[in-house]
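The values are calculated or read from the model by the stated rules, or taken from the named source; none is laboratory data. Keep in mind it's a predicted model, so treat the numbers as computed, not measured. As a convention, Cβ positions derive from the backbone with ideal geometry for all residues, glycine included, and neighbour counts pool all protein chains shown. Protein only, heavy atoms only, side chains kept; ligands, DNA and RNA dropped before computing areas. Shrake-Rupley method; radii C 1.70, N 1.55, O 1.52, S 1.80 Å.
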Amino acid sequence: MDIRIDQVDPANRKPIEKDPVKLGFGRTFSDHMFEMNYNPDQGWHDPRIVPYHTLALDPATMVLHYGQEAFEGMKAYHGSDGGVYLFRYKDNLARLNRSCRRLVMPELPEDLVQEALKKLVLLEKAWIPESPGCAMYIRPNIIATDPFLGVRPSNNYLFYIIVGPVGAYYAEGFNPVSIFVSDEYVRAVRGGVGDAKTAGNYAASLLAQKEAQDKGFTQVLWLDAIERKYIEEVGTMNIFFKMGDEVITSPLTGTILPGVTRDSVIQMLKKWGLTVKEQQLSIDEAIAGIKDGTCTEIFGSGTAAIISPVKSIHYKGSDYQVGDGTTGALSQRLYDTIWNMQIGQEPDPFGWVERIDT
Ligand SMILES: *Cc1c(COP(=O)(O)O)cnc(C)c1O
């Protein structure tokens, strides 16, 4: 299938914001987007790069009522050599197809979507900010488009990719976050959709997030839904605990989003000779470790921030400060190494980084 390209007239293009301070996250989008449709007769068809535009949807469109959709999040980087770099994007597209299977949506042709993604990023490469920590965010999305009320899988789908510049998560260096342990709300249950990147998970998390923020905390730490005991994730990130000489993160039991950054951190720590355990850690064990000093670092991992150090945990009315409340050495080393790898400045023994403009 050939990808058709319909370009915006250069005279009508948007001004490109590159000032890292003004960028923020998820607010600005480039001039073009990729689109492709699915119907049962033709399968995926008409792949095209077209001017960025609003979608005209029938008010009965199924995704708006029943949430049948899946998305992804990844980044393109301006390399230290001026090149355009992607990081593990094939893993994101494989995860998108796993989400599609869980939501009973047709899988995407991975080769075609890889090609589309690279074409779109290269067409929009002037939008990739060059400042440290900044990148171009890439958001693929697949939505159910039948205009129909009634709960069943849609027959028709739209897949699209939008891209836009995003600022550094830490414009003034790391800013360790304070997190609130939710023992009232849960994010996901075994057998549910917690391991799929699908809209409903995020809608379901908003009330807990709002209540945590109203109390002055940055993020919610989610516990397992059955016993409200074992640590699962933090906000929309995976979470790691440095306990003595070991690093512990929650196992992938179906309630946790299998983060690409999570996997990168695990592989990197192992390469550095550390012991990494994917095993359940209870909130009580974590707090005991913080209190007696065995738990020296806690950090979240995800594409947006890469590494997000945790300053303190609030649980059942008490605050527990991790170490001296500043960014730990391991968090800093992981962030620096992954970032430098993403911009092609650090050797990549894993084969994660791809320069796409040569
Ligand atoms: C996207 C996401 C993550 C992080 O995944 P990455 O692939 O590392 O960006 C973690 N948890 C949730 C709930 C997410 O949606």
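Enter the mean projected area of the convex hull around the alpha-carbon atoms of the range 177-339, in nm², rounded to one decimal.
Working: hull surface 34.5 nm².
Its average projected convex-hull area is 8.6 nm².
How much length is gained on full extension from N175 to S282, taking 0.36 nm per residue of separation minus their Cα-Cα distance? Show your work: numbers first, answer last.
Values: separation 107, 0.36 × 107 = 38.52 nm, distance 2.55 nm.
Gain in length upon complete extension: 36.0 nm.
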Spacing of the two label points (7 Å from each Cα toward its C-beta) at Y52 and D319, in nm: 3.9 nm
Heavy-atom accessible surface of the chain: percent carbon and sulfur, 1.4 Å: 49 percent
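Leaving out ligands and nucleic acids, note down the accessible area per residue over the range 74-159 with a 1.4 angstrom probe, in whole Å². Please list the in-between numbers first.
Numbers: 3130 Å² over 86 residues.
Heavy-atom accessible area per residue stands at 36 Å².
If we sort 1-8, 69-76, 309-316 on the protection proxy, mean other Cβ atoms within 10 Å, highest first, what's the order?
Working: 1-8: 12.1, 69-76: 22.1, 309-316: 19.9.
The most tightly packed comes first, giving 69-76, 309-316, 1-8.
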Dimensions in Å of the chain - Rg and Dmax from alpha carbons: 20.8, 63
Relative counts (whole %) of C-alpha pair distances in the range 1-132, using bins that are 5 Å wide: 2, 8, 15, 19, 22, 16, 11, 5, 1, 0
Label-point separation in nm, E184 to R13, each point 7 Å along Cα→Cβ: 4.9 nm
Efficiency of FRET between R101 and K229 - r from beta-carbon atoms, R0 45 angstrom, step 0.05: 0.90
Two-site FRET efficiency, L112 against T294, from Cβ-Cβ distance with R₀ of 45 Å, rounded to 0.05: 0.35
